[in-house]
Structure formats: structure tokens, C-alpha cells
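The values are calculated or read from the model by the stated rules, or taken from the named source; none is laboratory data. A quick note: this is a predicted structure, and the numbers were derived from the prediction, not measured. Every residue, glycine as well, gets a Cβ built from its backbone with ideal geometry; the counts of neighbours run over all protein chains shown. Just the protein is used for accessible areas: all its heavy atoms, side chains included, with ligands, DNA and RNA removed. Shrake-Rupley method; radii C 1.70, N 1.55, O 1.52, S 1.80 Å.
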Amino acid sequence: SRRITEFPALSCCPQAVWKQVLVLGLDGAGKSSVLHYICSQKARTRISPTLGFNTAQLRVGGLEMDLLEVGGSYNLRAYWPLYLSDAHVLVFVVDSVDRSRLLTARQELHALLAEEPRLPLVVLANKQVGASQPRGLSFLTNTPSHVMLPCSPGWSDAQP
Ligand SMILES: Nc1nc2c(ncn2[C@@H]2O[C@H](COP(=O)(O)OP(=O)(O)OP(=O)(O)O)[C@@H](O)[C@H]2O)c(=O)[nH]1
Ligand SMILES: [Mg+2]
């Protein structure tokens with residue numbers, strides 16, 4: 001069964017539209033946590049690695065979004081490019097605390113942007129508790145038309 005999470009309408013998108021949002025990023029970045037938080041407004045501290053896909057449906061007034069996460073483990077990254085052509089937006093989630101893997105994250109993001117340079121991009125700098133501006137992540141992309149947002153899916157109020 002298809003479970004749709006509903007949000008109140010936004011005045012900016014009165015007509016019915018459907019968008020496919022592709023959610024990618026290295027394993028452990030927090031993609032499933034973000035999807036879970038969007039759909040339930042609750043953090044989940046125990047979350048299993050995604051071995052294939054994970055999906056969520058949202059409706060914000062007339063805007064309906066299908067969110068598709070493809071797991072970020074090394075073997076699954078080979079499948080990422082297959083989903084680019086159907087995507088309207090790419091949300092790339094980065095673990096901003098795990099500095100040792102930022103370079104890998106950057107390489108993977110650049111490989112995606114090389115295939116689909118005009119795909120709108122949102123970078124989520126995850127695990128940023130209390131930060132208003134993500135620091136030290138500007139090198140991730142030199143695409144001018146992207147949005148970079150700090151996030152932490154409900155972490156401050158997480159229940160173990
Ligand atoms: N401290 C902290 N931990 C987080 C945050 N978001 C996610 N985590 C933890 O990070 C780990 C990985 O989160 P997931 O959401 O499974 O990561 P993922 O990107 O879906 O990983 P794959 O499915 O393996 O590609 C889990 O233990 C989460 O509980 C956050 O904002 N802060
Ligand atoms: Mg996952």
C-alpha cells in the first residue's frame with residue numbers, strides 16, 4: 001500500500017504537479033534518517049543500512065513528491081546513475097562530521113553532476129546540530145545553482 005505523508009498547501013504551488021526526488025549520498029550519511037524524519041517528524045537512532053531502495057511519498061498541497069533513496073554502500077553506488085534521468089531534483093546528503101570521507105562524497109557527487117549537469121541540486125549537510133551555516137563544505141560542488149542546507153533529522157530530540 002502507498003502511504004502518503006500530507007503537509008499543508010504552499011501558496012507557491014497551487015496546481016497539481018508531481019516530482020521525483022532522488023536522494024543519494026554515501027552510506028551512513030543519513031538519507032534514510034532524513035526520509036524517516038520527513039514522514040514521521042520523529043528521529044530514529046537505530047536505522048538499518050539501505051540494501052537497495054527506500055521510498056517515501058509526500059503531498060504538499062497540489063505538489064506530490066516521490067522520494068527515492070538508493071543505498072550508498074560502495075556496491076550500490078554503481079546503480080546511482082541509472083536513476084538520474086527520471087529525477088527532477090537531486091538531494092545529496094553528506095555526513096558533515098565525517099571529514100575523512102568528504103573527498104569521496106565530493107567525487108561521487110561530481111560523477112553524478114557530470115552525467116546530469118542541469119539537474120537541480122540540494123546538498124544536505126547532515127549531522128549539524130545547532131549550526132546555522134554548514135562550514136567547510138563549499139568545496140563539495142562548484143555548481144552555482146545549488147542549495148546547501150544544514151540538517152539533523154530531529155537529532156536534538158532523538159530517543160535512543
Ligand atoms: N548524530 C547524528 N547521527 C545521525 C544523524 N542522522 C543520521 N544519523 C545516524 O547515522 C547513521 C546512518 O544513518 P542512515 O540514515 O541509515 O544513513 P543512510 O545514508 O541511509 O545510509 P545507507 O542506507 O547505508 O546508504 C545512523 O546510525 C543514524 O542514526 C544526525 O543528524 N546526527
Ligand atoms: Mg539508508
Taking E69 as meeting all but one of (1) open to solvent by 50 Å² or more (accessible area, probe 1.4 Å); (2) over 17 Å from K127 (Cα atoms); (3) within 16 Å of ligand 2 (Cβ to nearest atom), write down the number of the exception.
(1)
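Name the strands (runs of 3 or more DSSP E) wholly inside segment 10-121 in which the number of residues that are touching a Pro at 6+ places or on another chain (Cβ under 7 Å) is 1 or more.
Values: elements: 17-24, 53-60, 63-70, 89-95.
Output list reads 89-95.
Tell me, yes or no, whether segment 19-40 has at least one residue that is more than 16 Å from ligand 2 (Cβ to nearest atom) and closer than 19 Å to P120 by Cα.
Just the residues of segment 19-40 that are more than 16 Å from ligand 2 (Cβ to nearest atom), to begin with: 19-20.
Going one step further and asking which of them are closer than 19 Å to P120 by Cα, we end up with 19-20.
Scanning segment 19-40, I find at least one residue that is more than 16 Å from ligand 2 (Cβ to nearest atom) and closer than 19 Å to P120 by Cα, so the answer is yes.
Going by the structure shown, is R59 open to solvent by 20 Å² or more (accessible area, probe 1.4 Å) and closer than 19 Å to D95 by Cα?
No.
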Quick one: K127 ticks every box in (1) within 16 Å of ligand 2 (Cβ to nearest atom); (2) modelled with pLDDT of 75 or more; (3) open to solvent by less than 30 Å² (accessible area, probe 1.4 Å) except a single one, so which number is it?
(3)
Number of the condition not met by R44 [criteria: (1) within 16 Å of ligand 2 (Cβ to nearest atom); (2) out of contact with any helix residue (DSSP H, G or I) (no Cβ under 7 Å at 6 or more places or on another chain); (3) open to solvent by 90 Å² or more (accessible area, probe 1.4 Å); (4) more than 25 Å from T141 (Cβ to Cβ)]:
(2)
